[in-house]
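What follows is one structure encoded as structure tokens, with my remarks underneath.
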Amino acid sequence: MPDADPSPRAPAPGWPSDELVLAGVERAERHDARASRAVPVWTILEHLDVRRRSHVARHVAARLVALAQEGWLARSRRHGVLTWTLTPAGERRLADARRAERLPALGESPQHRAWRNARTAAAQEIERFSGDVRELLERAASLLERDPAPHSDAWLELGEALQRACRCVASASYCLREWAEPDDALADVDERIDPTDEQLAPDERARRRARRAGRRNIRLWDERAGA
């Protein structure tokens, strides 16, 4: 990578300005649920809607170095990975850019995109998932009526399939009806709690939180359906 030019400069048309890069770092920090505010370059690229391994990504990486040299960003490492965070000077520069109305708006945040994609996928799939559950329940009713009674393995296999199907319905239902639209002022983290949980005994609250793990992960739907 060529040496970065430490001075602010006008970016190529369609490329993020220095102020927008700083805004991307700021939002990436805000949406990082970890205690450390420092974020790696790929997270910043996601907030700028820039593809990795692109010319624009290389431009952003160079500007991060330049902005650190100017004192607007601080560099550190987390588990050997180079990370970036705004300095007080960088925060002041962003505030000045906002007051002067020269800061372009960031695009859709990764957390809002995840919410929107999950909601769309849930609307498309929930009827299919519900149909899978109905089919499995009908199969269970058929096994109950069979004479002679089926082998125990049939029930174990059906139980596994029914659990997978119910998990898909639960996840799709949550994504469609219960996952609130994220506010970009905050990190959108699934704490796996519900206001009604306070009415439950501690052991039951813990069991419910454990069962809710992964309910936002729509990639699990295909894995469960194909298991």
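For residue 95 and residue 154, the difference between the fully extended length at 0.36 nm per residue and the C-alpha to C-alpha distance is 14.8 nm.
Note on segment 76-124 and segment 158-178: Cα centroid distance 32 Å, given to the nearest whole angstrom. Across every direction, the projection of the convex hull enclosing the Cα atoms of segment 29-72 has a mean area of 3.3 nm². Amide hydrogen proximity for residue 73: with H placed 1.01 Å from N in the peptide plane, the residues at 5 or more positions away or on another chain lying under 5 Å are 68, 87. Between 0 and 90 degrees, the angle of helix 55-69 with respect to the longest Cα principal axis of the chain falls at about 60 degrees.
Throughout, read-outs are computed from the coordinates displayed, never taken from laboratory work. Since the model is a prediction, treat every value here as computed from it, not as a measurement.
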